[in-house]
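Each remark here refers to the structure printed beneath this line.
The values are calculated or read from the model by the stated rules, or taken from the named source; none is laboratory data. This one's a predicted model, so the numbers in the text were calculated from it and none came from an experiment. Here the Cβ is made from the backbone with ideal geometry for all residues, glycine too, and neighbour counts use every protein chain on show.
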Amino acid sequence: MTPSPRPKLVARLVLMFASLLLCVVIVEVALRLFMPVSMLHVSYEQFRMSPNARIGYELRPLVEDHNRDGWRDQLYPREKDDAIYRIAIIGDSLVYGHATPLGQTYPKQLERLLNEEGSCGSRVEVLNFGVPGYGITQIVESFRAKGADWHPDLVIYGYWLDDVTSSGEHRESIERRRADGEAREAIQVTDSGRNRLKELVLATQIGRRAIVLGSILSARSEVDLTTSLDEQLAGLDPPVRDLYARYLQRVRDGELRDLPTGEPYFATYVDHRRFAAWIDAMQQWVATCESLGAKPLLLMTPVLYEHDTGDYRWTELHGFVADLMEHFDVPVLDVSDRLTPLSPSLIAHDSEHPNARGCTIIAAALHEPLVTDGAGYGLNCAAARNVNAR
């Protein structure tokens, strides 16, 4: 009797499956050890829909370390005593402190530095108004509609290079969830007890890399380099138009290029509709600060990736943003020179988010100009130090 080939076929299939599984495990372990990707993976319980359509969603109060006003911070009264100097830091997950304990985020570290031994003569409060996934339209609107109620004396915008991507109408980034209005922009949202397969995928480095690659390819496909230069420059003020024209030409000529496997930071500013909305949002931020009598300050942090010293890829983009801020008469503090010489494994969770050590460096960089040139921000730390020294 001829033996059935079925057992051999089954054995081969089992062997193939086991080999494939082993390869997947090896790749997953290698990625976790040497090239981990951190992704904002938040549950619906952390967020709620905002009644303000321009904001879209907001932090859910009294969840984890969110206060009852819906910020990741201790509770501060809206009204403040004249003896208190109050700083509001607005932004996205970098300000919020993704994967970093609240006390080690750079807003809280800055607050401690400014209050050491009464070095600034008055009590300083630093409020964290960061919300993961926000772009500039949401950041500015959230501050204008809610954060301004705390009457800050200084407003620091913790700017990230891709904040332009959600200017204007909100776009789908990686995924949008929930039929009654989804959380948007580069965050992964899951409802507790639902879609376990998705949660499993998000827990793996292979799954995360597939999602990130898909988002990068999607973003690149949206970039339009065919629109005429005149159309892209229409409606912009002359100084901004001149800066933007030079920038567009350098991108078109290939002088400014993103990393092949990285986020398309240079390319996203080429979308003239996004850029125009970005300019409008910046104007609204500056106008809101003026109405409050508050000073604006733009903080820029670098993309944190392994590179040769002096070969940081996006220096020109930082310079472009700084030149635009000069048009708005907004000072810029760029901490790239403090962070880029260091290995990302020492100072960051991923290419965007600093860890506690990275936050310490950022807080120190902010502390320095506030102490040495505090009078320019209405905070006379130098005078207070002279009094304390007597």
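Could you list, in sequence order, the residues of region 105-149 that are among the acidic types (Asp, Glu) and farther than 14 Å from Ile55 by Cβ?
Glu111, Glu116, Glu117, Glu125, Asp149
Tell me, please, whether a residue that is in contact with an Asp or Glu (Cβ under 6 Å, 6 or more places away or on another chain), in a helix (DSSP H, G or I), within 29 Å of Ala99 (Cβ to Cβ) and modelled with pLDDT of 95 or more can be found in region 310-319.
yes
Right, Ile136: buried (at least 21 other Cβ atoms within 10 Å of the Cβ) and modelled with pLDDT of 95 or more or not?
Spelling it out, Ile136 is indeed buried (at least 21 other Cβ atoms within 10 Å of the Cβ) and modelled with pLDDT of 95 or more.
Name the single residue, out of those in region 97-106 being in a helix (DSSP H, G or I) and in contact (Cβ under 8 Å) with a residue 40 or more places away in the chain, that is surrounded by the most Cβ atoms within 10 Å (Cβ to Cβ).
Tyr106
How many of the residues making up region 239-274 are among the polar types (S, T, N, Q) and either at pLDDT 90 or above or assigned to a loop (DSSP other than H, G, I, E, B) (or both)?
2
Please find, within region 67-116, the residue that is farthest from the chain's Cα centre (by Cα) out of those that are among the β-branched types (Val, Ile, Thr) and closer than 20 Å to Ala375 by Cα.
Among them, the one singled out is Ile84.
Sort through Ala375, Ala356, Ala365 and tell me the only one that's surrounded by fewer than 21 Cβ atoms within 10 Å (Cβ to Cβ), under 19 Å from the mean Cα position of the chain (by Cα) and free of Cβ contacts under 8 Å to residues at least 40 places away in the same chain.
One residue alone meets the criteria, Ala365.
So which of Arg250, Arg273, Arg241, Arg257 is touching a residue at least 12 places away in the same chain (Cβ under 8 Å), among the charged types (D, E, K, R) and closer than 18 Å to Gly319 by Cβ?
Checking each option against the conditions leaves just Arg250.
Could you please find all residues in region 73-90 being touching a helix residue (DSSP H, G or I) at 6+ places or on another chain (Cβ under 6 Å) and either buried (at least 24 other Cβ atoms within 10 Å of the Cβ) or polar (S, T, N, Q) (or both)?
Within region 73-90, Ala88, Ile89, Ile90 meet the criteria.
Quick check on region 79-96. Is at least one of its residues aromatic (Phe, Trp, Tyr), part of a helix (DSSP H, G or I) and modelled with pLDDT of 95 or more?
Scanning region 79-96, I find at least one residue that is aromatic (Phe, Trp, Tyr), part of a helix (DSSP H, G or I) and modelled with pLDDT of 95 or more, so the answer is yes.
When region 72-87 is examined, which residues are found to be touching a residue at least 60 places away in the same chain (Cβ under 8 Å) and within 22 Å of Leu62 (Cα to Cα)?
Of region 72-87, the ones touching a residue at least 60 places away in the same chain (Cβ under 8 Å) are 76, 78-80, 85-87.
Tyr76, Arg78, Glu79 - these are the residues of region 72-87 that are touching a residue at least 60 places away in the same chain (Cβ under 8 Å) and within 22 Å of Leu62 (Cα to Cα).
Quick test for you: out of Leu379, Leu333, Leu342, Leu304, pick the one residue that is in a loop (DSSP other than H, G, I, E, B), under 22 Å from Val124 (Cβ atoms) and of a type in the set (A, V, I, L, M, F, W, C).
Leu379
Taking region 305-338, which residues are surrounded by fewer than 17 Cβ atoms within 10 Å (Cβ to Cβ), within 17 Å of Arg257 (Cβ to Cβ), touching a residue at least 24 places away in the same chain (Cβ under 8 Å) and not hydroxyl-bearing (Ser, Thr, Tyr)?
Matches in region 305-338: His307, Glu316.
Contact list please: Cβ distance under 6 Å, first residue in region 22-44 and at pLDDT below 80 and surrounded by 11 or more Cβ atoms within 10 Å (Cβ to Cβ), second residue part of a helix (DSSP H, G or I) and basic (Lys, Arg), pairs at least six apart or on different chains.
Val37/Arg208; Val37/Arg209; Met39/Arg208
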